[in-house]
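A.B. asks: Here it is, the structure in full.
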Amino acid sequence: MDEELRPREEAVAEEKKERKEKEKLDWRKEFYSELRMLAVVLTVTILIFHFLTQLVVVVGSSMYPTLHEDDLLIAWRAGYEPRQGDIVVLHKETEYIKETVVKRIIATGGQTVEIDYDENAVYVDGVRLDEPYLNREDEDVMIPKGDVKSIDIPEGSVFVMGDNRNRSTDSRSTPALGVVDEDYIIGKAVFIFYPFDHMGLLEN
């Protein structure tokens, strides 16, 4: 009787062994398939960030309250054309500025900027800007931050300022930054990525 059961038991054991090997092989195939998919996703993500966007950390408080120091931004690079009101990331090294900075475009090429420091007002082509984004917590009067009161913006350039006017080094100071050639613009800041309690799309 035992001899009759032995071949059947051996067959069952062999079947279990084959099933385990197949399951092991299937697991390896699935693992390598997921690994390849992850590699593709990472590659595409790297290419997107390299060619289309850029991560930028906000330095200083010149864009408060719109942006806070150490905010992590995503800037869109591909095909960007500067427009008035956009928040942009730029890198123009001067004696006073070495790092990448974030500012708001006040005017583009062909426009005229006039600054009335007493009224805390900026005029573009004779029209006073409506600027609800400004830091008004302690700024009833705009402190002169440079030598510019009236200026015509050359074509291919932009005039930029910070939303925190009394704590911003920007195009109002010719030696510090001045009018910025569009070639110095890295891209438009479109999204606050971190911190998470401040995460969200940036509006003009």
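A.B. asks: Would you say TYR64 is surrounded by fewer than 16 Cβ atoms within 10 Å (Cβ to Cβ) and touching a residue at least 24 places away in the same chain (Cβ under 8 Å)? Please lay out each step first, then the result.
C.D. replies: Values: surrounded by fewer than 16 Cβ atoms within 10 Å (Cβ to Cβ): no; touching a residue at least 24 places away in the same chain (Cβ under 8 Å): yes.
The answer is no for TYR64.
A.B. asks: With respect to LYS188, determine if the residue is under 15 Å from ASP86 (Cα atoms) and either of a type in the set (Lys, Arg) or without any contact (Cβ under 8 Å) to a residue 24 or more places away in the chain (or both).
C.D. replies: On the way: under 15 Å from ASP86 (Cα atoms): yes; either of a type in the set (Lys, Arg) or without any contact (Cβ under 8 Å) to a residue 24 or more places away in the chain (or both): yes.
Judged against the criteria, LYS188 is a match.
A.B. asks: Check whether at least one residue in region 85-96 is surrounded by 21 or more Cβ atoms within 10 Å (Cβ to Cβ), in a loop (DSSP other than H, G, I, E, B), under 26 Å from the mean Cα position of the chain (by Cα) and of a type outside the set (Gly, Ala, Ser), and report yes or no. Explain how you work it out, then say what you get.
C.D. replies: Let us first name the residues in region 85-96 that are surrounded by 21 or more Cβ atoms within 10 Å (Cβ to Cβ), namely 86-90.
Of the ones still in play, those that are also in a loop (DSSP other than H, G, I, E, B) are 86.
Applying the additional criterion that residues be under 26 Å from the mean Cα position of the chain (by Cα) yields 86.
From the residues that got through so far, the ones that are of a type outside the set (Gly, Ala, Ser) too are 86.
Yes.
A.B. asks: How many residues does region 110-128 contain that are touching a residue at least 24 places away in the same chain (Cβ under 8 Å), under 17 Å from VAL160 (Cβ atoms) and either surrounded by 15 or more Cβ atoms within 10 Å (Cβ to Cβ) or of a type in the set (Lys, Arg) (or both)?
C.D. replies: Residues that pass the stated criteria total 6.
A.B. asks: Return the residues of region 166-186 that are over 12 Å from VAL88 (Cβ atoms), outside any helix (DSSP H, G or I) and not polar (S, T, N, Q); say none if nothing qualifies.
C.D. replies: ARG172, PRO175, ALA176, LEU177, GLY178, VAL179, ASP181
A.B. asks: So, of the residues in region 191-203 that are in a strand (DSSP E or B) and in contact (Cβ under 8 Å) with a residue 24 or more places away in the chain, which turns out to be nearest to THR53 (Cα to Cα)?
C.D. replies: If we take residues in region 191-203 being in a strand (DSSP E or B) and in contact (Cβ under 8 Å) with a residue 24 or more places away in the chain, then PHE191 is nearest to THR53 (Cα to Cα).
A.B. asks: Among the residues of region 164-175, are any surrounded by 15 or more Cβ atoms within 10 Å (Cβ to Cβ), of a type in the set (Val, Ile, Thr), under 23 Å from ILE74 (Cα atoms) and out of contact with any Leu (no Cβ under 7 Å at 6 or more places or on another chain)? Explain how you work it out, then say what you get.
C.D. replies: Of region 164-175, the ones surrounded by 15 or more Cβ atoms within 10 Å (Cβ to Cβ) are 164-173.
After this cut, where a residue has to be of a type in the set (Val, Ile, Thr) as well, the list is 169.
Those left that are additionally under 23 Å from ILE74 (Cα atoms): 169.
Next cut, out of contact with any Leu (no Cβ under 7 Å at 6 or more places or on another chain) only: none.
For region 164-175, residues surrounded by 15 or more Cβ atoms within 10 Å (Cβ to Cβ), of a type in the set (Val, Ile, Thr), under 23 Å from ILE74 (Cα atoms) and out of contact with any Leu (no Cβ under 7 Å at 6 or more places or on another chain): absent.
A.B. asks: I'd like the full set of residues that are buried (at least 20 other Cβ atoms within 10 Å of the Cβ) and part of a loop (DSSP other than H, G, I, E, B), limited to region 135-163.
C.D. replies: LYS145, ILE153, GLY162, ASP163 - these are the residues of region 135-163 that are buried (at least 20 other Cβ atoms within 10 Å of the Cβ) and part of a loop (DSSP other than H, G, I, E, B).
All of the numbers you see were taken from the coordinates with simple rules; none came from a lab. Just so we're clear, the structure is a prediction, and the values are computed from it rather than from any experiment. Heads up, the Cβs are rebuilt from the backbone with ideal geometry, glycines too, and the neighbour counts pull from every protein chain shown.
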